[in-house]
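Worksheet for the structure shown next.
The values are calculated or read from the model by the stated rules, or taken from the named source; none is laboratory data. Everything numeric here is computed off the predicted structure, so don't read it as measured data. Quick reminder, even Gly has a Cβ in these numbers, built from the backbone with ideal geometry, and neighbours come from all protein chains shown. Side chains included, ligands, DNA and RNA excluded: accessible areas come from the protein's heavy atoms. Shrake-Rupley method; radii C 1.70, N 1.55, O 1.52, S 1.80 Å.
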Amino acid sequence: MHKRLFILFILSSLLIPDSNADEGMWLPWHLPQSQINKMQEMGLQLTANDIYSSDQISLKDAIVSIDKGSCTGSFISKKGLLLTNHHCAMGEIQQHSTVKNDYLKNGFWASSTKSDLPNPGKTVTLLIESHDLTSIFEQSIRKASDRKGINHIIDSLSSCILDTLSINPDYDAEIKDFYHQNKFFLFITETFRDIRLVGAPPEDIGQFGGEKDNWTWPRHSADFALFRVYTSPDGKPADYHADNIPYEPKKVLNISAAGIKEGDFTMIPGYPGQTQRYLTSHGIKETRDILNPIVAEVRSIRQKIWKQNMRNSHKIGIQYADKYASSGNYYKYTIGQNKSIRDLGLISKKEETENKFNKWIEQNPAEKEKYSKILTSAKLLYLMRQNLAKTTILTIESLIDGPEINSFVLEAFRLHNLLLNDTPAPELLYNTVTDLKSNAEKFFRDFSPETDKQVFEAMVNYYIHNLDDSLRMEKSVILGNNHSIKGLSEKIYLTSLFADPEKFNKFIQKPTESQLSKDPAFAFLKRILNEFGPVYTIFNKFDEELEYTMHQYLDAKMAFHPERHFYPDANSTLRLTYGKISGYSPRDGVVYAAFSSHKGLLEKTNSGKDQYQTKYDIDQLFKNYLARDAEVSKPYPICFITDNDITGGSSGSPVLNHKG
């Protein structure tokens, strides 16, 4: 989603191989003293225990993961009030919006807790404690000679530990690997399930600048929203109920009104999603040359269709708002990432690091036998799977994930497999049907058959004309017994039970295998998956082998630099980054200030460009407000940037000062 306030092009998922001074997404419970010392030298007035502790209240008790790491939030009141970004709440705002009562357009503010809006399925997870289990795993793993052996050991040990663990019944336990299966941690968490929407500004304020300003600076958006976490009357996690009460967090963040200036220390705790900081030069080449161009091109085609239909219909505009923003975000991300790879000379810098690594191996006979083939293996694996990678990415982006209807059809495959059995287990069948009914309600609520039909035709056409190698499916496989793409799409969207809620509801009352098999949407996706399945399986085997080389490579890098503290890639667990408020220079002769102001906001609104237009008189609003300010001529700050290290999932993370 839109990442306000920060420079993300450079620090998104591929980074310069030699660490910068403030680089790193550090584990708060495993924070090297050297990093604490650096932060304190920069102005931090807290100790390591103030940031993370399982024995006393600390900052980590105010920071939560939203929807299993899609965003971050922080508690700002003793009544469970949770602050995050507007785009992290956009799906919920959209779900509560109608043409008559459009919260996306008008914003939403609950007048009391009774007016908070429930959001079934939304979750907030709090980390209770974490434990380092590396010593339990590493001895056994070192005896394994391949990836299968490592995976078997990890699965067996993890199951044994979790099965014998005794924890609070309201808590969950999970073991995650870090550094590509070189370190392991146990996490005890508490997940809340009654999360209600409290407030959000109108979309043209919260998402001001829209797609144009996404991933860029300067920004002028009010990208925030408020939720409230509820529990059962006895304070335990519970599903929504009218009798539930606001959660009382152990720790609440104080909001500083003291002001900020360039050079001030900043610290960001959050739940960043995924990074690949240790990817080899050949892995980055695959991202640059295959993955990113395909994603950008396919999503651009789909988004143009969505946008046109959204403009033509208020209803479709609401239905597709969150989907468009999410797709558009990753589309622009891939373009920005490729630009950064080029501008930073990232591949040549990775190659330089790899050359140093190889020289070290040559000079250390004891390490040569163990590590000499790692980078060569990675290079060959990437070269060998080039066609597989292109086929896999293009097929998934266009034929499988492109049209929305396919996501719904995929959910029916489980039901189909059950119905193949003459006597399916009654309880399993009941649960599967119940889940499908629930998913159908959500799907059809935000589904426009005509819009998706246009996307379907564009995606099939793109696949046929852009995949020109031997792994491409025959046109006859895609079209089935239809003579054209148009004929196939009309058959699906006019007759499929997955395109019509009435037909689906009638089917689900008494589902049969023959109905599913004969359905044109189900038959289409089944043909695609049957043909694509073997390709995807082989691609995954390459992926598994590459993961094993990364396991060896990280082990070797840590042996190569025993004096260096390595931070692990992000994986939706709690992290801490630090830096300072700072402007930057994106290119020669251009310098960006650390703060944007209301003057820049007014310049944008007066530009006449569509993405900067709002229904509010921004000029008058500021005149009214600044009239109460003694320094009316001074630019009033709107947003700021820091050089903290963040990535996706960090959205909604609080920016903390030297006092936390």
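Between Ser115 and Asp163, how high is the FRET efficiency from 1/(1 + (r/R0)^6) when r is the Cβ-Cβ distance and R₀ = 30 Å? Nearest 0.05. Walk me through the intermediate numbers first.
Details: r = 44 Å, r/R0 = 1.48.
My answer for the efficiency is 0.10.
Among (1) 26.1, 80; (2) 30.2, 104; (3) 28.3, 99, find the value of Rg and Dmax of the Cα atoms in Å that was calculated from the structure presented, and write down its label.
Among (1) 26.1, 80; (2) 30.2, 104; (3) 28.3, 99, the one calculated here is (1).
How much of the calculated P(r) for segment 64-149 lies past 21 Å, in percent of all Cα pairs?
Everything past 21 Å amounts to 51 percent.
Taking a 23 Å limit on the Cα-Cα distance, which of the listed pairs Lys453/Lys503; Lys453/Lys475; Lys442/Lys506; Lys68/Lys510; Lys183/Lys370 fall beyond it?
Pairs exceeding the cut-off: Lys68/Lys510.
How do the peptides 243-251, 274-282 rank, highest first, by the average count of neighbouring beta carbon atoms within 10 Å per residue?
274-282, 243-251
Work out the length of the dipole vector of the chain about its Cα centre, built from +1 on the beta-carbon of each Lys and Arg and -1 on the beta-carbon of each Asp and Glu, and round it to the nearest 20 debye.
1240
Rounded to a whole number, what % of the accessible area of the chain do carbon and sulfur atoms account for, probe 1.4 Å? Could the numbers behind the result be given before it?
Working: 15620 of 30840 Å².
Carbon and sulfur together cover 51 percent of it.
Could you do me a favour and compute the accessible area per residue for segment 344-481, 1.4 Å probe, result in Å²?
Result: 51 Å² of accessible area for each residue.
Shape call for segment 156-200 from the C-alpha gyration tensor, a ≥ b ≥ c root eigenvalues: rounded (a/c under 1.5), prolate (a/b greater than b/c) or oblate?
Oblate shape, in that a/c is at least 1.5 and b/c is the bigger or equal ratio.
First select every other residue whose beta carbon is under 10 angstrom from the beta carbon of Asp322; then total the charges, Lys and Arg +1, Asp and Glu -1.
-1
For segment 267-312, what is the charge dipole size about the Cα centre, in debye to the nearest 20, if Lys and Arg each add +1 at the Cβ and Asp and Glu each add -1 at the Cβ?
Numbers: 8 positive and 3 negative charges, 55 e Å.
It comes to approximately 260 debye.
What's the Cα-based Rg to Rh of segment 531-602, Rh via Kirkwood?
1.22
Rounded if a/c is under 1.5, else prolate if a/b beats b/c, else oblate: with a ≥ b ≥ c from the C-alpha gyration tensor eigenvalues square-rooted, which is segment 302-373?
In terms of gyration-tensor shape, prolate.
Can you find, among Asn482, Met459, Asn530, the residue farthest towards the positive end of the dipole of segment 406-559? Put +1 on the C-beta of Lys and Arg, -1 on that of Asp and Glu.
Asn482
What share of all Cα pairs of segment 511-660, in percent, falls into each consecutive 10 Å distance bin?
Binned Cα distances yield the sequence 7, 16, 20, 18, 16, 16, 5, 0.
Please give, to one decimal in nm, the separation of the simple spin-label points placed at Glu490 and Ser326, each 7 Å out from Cα toward the Cβ.
Simple spin-label model gives 3.2 nm for this pair.
Could you state the number of Å between the C-alpha centres of segment 304-344 and segment 40-96?
Value for the Cα centre distance between the two parts: 27 Å.
Please turn the phi angles of segment 489-504 into ³J(HN,Hα) values with the Karplus equation 6.51 cos²θ - 1.76 cosθ + 1.60 (θ = phi - 60°), one per residue in order, whole Hz, x for glycine and proline.
For segment 489-504, the Karplus-derived couplings read 5, 5, 5, 5, 7, 9, 10, 6, 5, 7, 10, 9, x, 5, 5, 5 Hz, x marking Gly and Pro.
Sort by residue number and report every cysteine in the chain with no other cysteine beta carbon within a distance under 4.7 Å.
Cys160, Cys639
About the Cα centre, and with charges only on the beta carbon of Lys, Arg (+1) and Asp, Glu (-1), how big is the dipole of segment 562-604? Nearest 20 debye, please.
Result for segment 562-604 is approximately 160 debye, rounded to the nearest 20.
Which three lengths, in whole Å and largest first, does segment 287-430 cover when its Cα atoms are put on their principal axes?
Dimensions of segment 287-430 along the principal axes of its Cα atoms: 64, 49, 24 Å.
First obtain the Kirkwood hydrodynamic radius of segment 163-275 from its Cα pairs, then insert it into the Stokes-Einstein equation at 10 °C and 1.306 mPa s, and state the resulting D in µm² per second as a whole number.
D, rounded to a whole number, is 85 µm²/s.
Given labels modelled 7 Å from the Cα in the Cβ direction, how far is it in nm from Asn151 to Ser77?
Calculated label separation equals 4.8 nm.
Once the Cα gyration tensor of segment 12-155 is diagonalised, what are the square roots of 5 times its eigenvalues, in whole Å and ordered largest first, as equivalent ellipsoid semi-axes?
Ellipsoid semi-axes (Å, largest first): 38, 23, 17.
Under a plain spin-label model, where a point goes 7 Å from the Cα along Cα-to-Cβ, how far apart in nm are Lys442 and Glu563?
For the pair Lys442/Glu563, the computed spacing is 5.2 nm.
Name the residue from Phe413, Asn37, Pro426 whose Cα lies farthest towards the positive end of the charge dipole of the chain, charges +1 on Cβ of Lys and Arg and -1 on Cβ of Asp and Glu.
The listed residue farthest towards the positive side: Phe413.
Would you calculate the volume per residue, in Å³, of the smallest convex hull containing every Cα atom of segment 112-225?
Per-residue hull volume (Cα only) is 195 Å³.
Given the pairs Lys38/Lys634; Lys390/Lys541; Lys307/Lys623, which are separated by over 23 angstrom at their Cα positions? Intermediate results must be reported in sequence, preceding the final value.
Numbers: Lys38/Lys634 34 Å; Lys390/Lys541 15 Å; Lys307/Lys623 34 Å.
Violating the 23 Å limit, Cα to Cα: Lys38/Lys634; Lys307/Lys623.
Computed over the Cα atoms of segment 430-479, what is the convex hull's projected area averaged over all directions, in nm²?
5.4
Between segment 173-199 and segment 377-440, what is the C-alpha centre distance in whole Å?
Their Cα centres are 25 Å away from one another.
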